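Below: one structure, written as structure tokens.
The values are calculated or read from the model by the stated rules, or taken from the named source; none is laboratory data. If you're wondering where the values come from, they're calculated on a predicted model, not measured in any experiment. Cβ: placed from backbone, ideal geometry, glycine included. Neighbour counts: every protein chain shown.
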Amino acid sequence: MIRRPALAVALLCLAGCGLHPLYGGGSGSAVAMTLGSVTVAPIQGKAGWLMHNKLEERLGEGATGNALYRLDVTLDDNITAFGLRSDQVATRERRTLRARYQLVDVRTGQVVLDATSGSDAGIDIVSSEYATVAAEETALENLSDIVADQIVARLGLYASRTAAK
């Protein structure tokens, strides 16, 4: 019985806080239109190829001809061994993927957003070298998904703030 009034008060407070959906308005919203006008510059290396594809999946590939923005990304992909046994053999690895990205206005060449994103994953080193390599590759794919989501979320936030001006 007490829960219903508390829920009603919470909903009223939430309605007054100024929160609004980032993609409100669907594909015709300012955020969606801005994200659709971003082209992703080539990124070096295997991790770069993977990240490029993940970003294009999220942003769309249609902006190549009429792009208003270019997204430049530099990756730092690192694997560090730790968790040493008594015979000095590592039992764990940490794969870290960090991205520095810049959103460049194509018309002016001005950098309008300069930010970083990153994530890391732990990997068990097992007796099978194949299994360890497969785990490293899976970690890279998962980290690329996470970092691409972070980048697109930050671009969406930038687009919502500039559309409000």
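Evaluate segment 96-107: report whether one residue or more is aromatic (F, W, Y) and more than 21 Å from the chain's Cα centre (by Cα).
The answer is no; no qualifying residue exists.
Assuming T138 fulfils every condition listed in (1) closer than 25 Å to A47 by Cα; (2) in contact with a strand residue (DSSP E or B) (Cβ under 8 Å, 6 or more places away or on another chain); (3) modelled with pLDDT of 90 or more apart from one, which condition is it?
(2)
Residues in segment 71-81: is at least one among the aliphatic types (A, V, I, L, M), farther than 19 Å from K46 by Cα, more than 18 Å from the chain's Cα centre (by Cα) and at pLDDT below 95? Spell out the reasoning first.
Filtering segment 71-81 for residues among the aliphatic types (A, V, I, L, M) gives 71, 73, 75, 79, 81.
From what is left, the residues that are farther than 19 Å from K46 by Cα are 81.
Narrowing further to those that are more than 18 Å from the chain's Cα centre (by Cα): 81.
If we keep only those that are at pLDDT below 95 too, we end up with 81.
There is at least one residue in segment 71-81 that is among the aliphatic types (A, V, I, L, M), farther than 19 Å from K46 by Cα, more than 18 Å from the chain's Cα centre (by Cα) and at pLDDT below 95.
Within segment 113-165, track down each residue that is surrounded by 18 or more Cβ atoms within 10 Å (Cβ to Cβ), of a type in the set (G, A, S) and within 18 Å of W49 (Cα to Cα).
Hits for segment 113-165 are S117, S119, A139, S144, A148.
Across segment 54-77, what is the number of residues that are loosely packed, with under 12 Cβ neighbours inside 10 Å and touching a Ser or Thr at 6+ places or on another chain (Cβ under 6 Å)?
Within segment 54-77, residues that are loosely packed, with under 12 Cβ neighbours inside 10 Å and touching a Ser or Thr at 6+ places or on another chain (Cβ under 6 Å) number 1.
If the Cβ limit is 8 Å and pairs must be 6+ apart or interchain, which residue in segment 124-148 that is hydroxyl-bearing (S, T, Y) pairs with which residue that is part of a helix (DSSP H, G or I)?
S144/A47; S144/L50; S144/M51; S144/K54
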